[in-house]
Amino acid sequence: MKRTKPGVGGRIGKLLLGPILCLLIFAALRTTFSREQALTLGVLAWMICWWIGLPVHYAVTSLLPVVAVSFLRLAPVDVVVSQYFSETIVQLLGAEFLCQTWKTTGLGRRISLKVLNLVGPSMHQQICAWFFASVLLSLFLPKTITCAVITPIAVSMLDFVGEKDIRTSRPALPILLAIAWGIGIAGATTPLGGAMNLVSISNLESVLGHELPYADWVMRMAPMVAVLLVIALIYLLSFRLPVRKLEGTREFFRRAYAELGPMGRGERISLILFLTALVLSFARPLYADLFPEFKASYVFLACGLLTFVLHDESHQPLLDWSYAEKNVMWGMLYLYGGGLAIGKLMTESGTASRISELLVAMNIQSDLLLLVIFVVLAALLAETSSNTAAAAIATPVVLSITMALGKNPIPFFFVTALAANGGYFLPLSTRAVPVSYGMDSRHLLKKGLPLAVINYAAMVAMGYLFLRFWPFFGTVG
């Protein structure tokens, strides 16, 4: 009798669980939702099941919406499929090209040594340094850019100290979690933190009938974000760390940095291209009227393409296609696109609108209960699709429900917009970047779920207190 290979039965079980769960959800919701809507929720559950169980690679799971929408006719195929090469994906691809030159030119090694030189090898210092760096950049740049920029630097540093395999590296997990969570939380502070904030503001402005000053957003979001950041940092520092220090001492890193000598032509060009992309993205308002379509996504792609054209001191291109083909994180692009695709499918199939109708029909008057429902709705969308999709779906729902109930929609809106910026435990949105670099999604789930419960509860508590005792929170200029 032929013996089954170890683990094959378990993998088959995990594979079958996804489609079975999809069918069960479809059967259970068929009377409440339309065929297309019930199937959309079933496909979403299927994707979550496979992302957690990992019977196949993350990127394979991320392509399920393409098959579902074409085979089951859930929504226009082109609208969903286009998400896999949306502006966000273009931006990530450009950033990947730029970051690959850090390896080919040695810039990544130089930056890593500088970071280790300044911060030191202590794990607590490393966690704090990467966390605050992520927070600071997220205040001014979209989450996607920030994560695509910082993660490769951290991975390069870990590689330099001997942590070659990120999946099995003990120090890598807290450092990469510090980056993912720092970016995920802080990005809500300013409208510049990402498309999800601009989408939320646009939805509110359509109700207000006038422009929302960015200062109004910051003044209401900053106190809540500060509390969530403190909670996240305390949680990170409470981890039982596998090692107290990275290999090496500050003196060793200083000597190694000194031995590098002056920067070569390739390193300088790589750094200039990278900084140019950052500056042009941040300064877009200055040239938006002259080049209205040259958004941050295309800035990064343009600078990324220049890496194939410009040469280093050896008269070799900074990046050639054969190297890029093997080393670019293609799986990350599909993973990110899958999150955008399922979010678009939720909208196009009418699932989001149907959820709104059901919530209005419940005629809930309790402010606290409404906040719980809105935060849970936005959190589920943020965790299972993308932050932009969560904001696009949740904020209009909240505005329409609260106005239908005769309540002031503004305080509920801000808390929901904050929750739409969340995301702690599934390998989607900005969390897709560190996962693609090797962080195990099961560790992300295990560590992220407790923090998610704590921070979402904190959002509800703060929203309720502000609604009751801070009148300014419920008004805008």
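Phi angles across segment 373-379 convert, under the Karplus curve 6.51 cos²θ - 1.76 cosθ + 1.60 with θ = phi - 60°, into 3J(HN,Hα) values of 4, 5, 5, 4, 4, 5, 5 Hz, Gly and Pro given as x.
Ranking of LYS114, LYS446, LYS326 by solvent-accessible surface, largest first: LYS326, LYS446, LYS114 (1.4 Å probe, protein heavy atoms only, all chains present). Got a sec? Charge dipole of segment 78-194, +1 on Cβ for Lys and Arg, -1 for Asp and Glu; which of ALA133, CYS147, LEU113 is way out at the positive end? Of the listed residues, the answer is LEU113.
Between segment 86-102 and segment 297-364, the alpha-carbon centres lie 9 Å apart. Considered as an equivalent ellipsoid built on the Cα gyration tensor, the chain has semi-axes of 36, 27, 23 Å, the largest given first.
Taken as Cα centroids, segment 406-433 and segment 31-56 sit 21 Å apart, rounded to the nearest whole angstrom. Applying a DSSP loop filter and a limit of 12 other Cβ atoms within 10 Å to the trypsin sites (Lys or Arg not before Pro) in segment 177-261 leaves ARG240, ARG244. Ranking of GLU96, GLU247 by solvent-accessible surface, largest first: GLU247, GLU96 (1.4 Å probe, protein heavy atoms only, all chains present). Decide, for segment 197-340, between rounded, prolate and oblate: order the square roots of the alpha carbon gyration tensor eigenvalues as a ≥ b ≥ c, take rounded if a/c falls under 1.5, and otherwise choose prolate if a/b is larger than b/c, else oblate. Note, shape of segment 197-340 comes out oblate. Distant-in-sequence amide contacts of LYS245, defined by a placed amide H-H separation under 5 Å and a gap of 5 or more residues or a different chain, comprise MET123.
Residues SER400, SER134, ordered by accessible area of protein heavy atoms at a 1.4 angstrom probe radius and largest first, appear as SER400, SER134.
Measuring only protein heavy atoms, the 1.4 Å probe finds THR384 accessible over about 10 Å². Among the lysines of the chain, pairs that are 8 or more positions apart or on different chains and have alpha carbons within less than 25 Å of each other number 23. Residues in segment 451-466 carry Karplus couplings, in order, of 5, 4, 4, 5, 6, 5, 5, 5, 4, 4, 4, 5, x, 5, 5, 5 Hz; the curve used is 6.51 cos²θ - 1.76 cosθ + 1.60 with θ = phi - 60°, and Gly or Pro positions show x.
Measuring with a 1.4 angstrom probe and ignoring ligands and nucleic acids, ARG468 comes out at about 120 Å² accessible.
Each residue of segment 387-392 was assigned a 3J(HN,Hα) from its phi angle through the Karplus expression (A = 6.51, B = -1.76, C = 1.60, θ = phi - 60°), giving 5, 5, 4, 4, 5, 5 Hz with x at Gly and Pro.
The values are calculated or read from the model by the stated rules, or taken from the named source; none is laboratory data. Predicted model, so just to flag it, every value in this text is computed and none were measured. With ideal geometry, Cβ positions are generated from the backbone for all residues, glycine too; neighbour counts draw on all protein chains shown. Heads up: the accessible areas ignore ligands, DNA and RNA and are worked out on the full protein's heavy atoms, side chains in. Shrake-Rupley method; radii C 1.70, N 1.55, O 1.52, S 1.80 Å.
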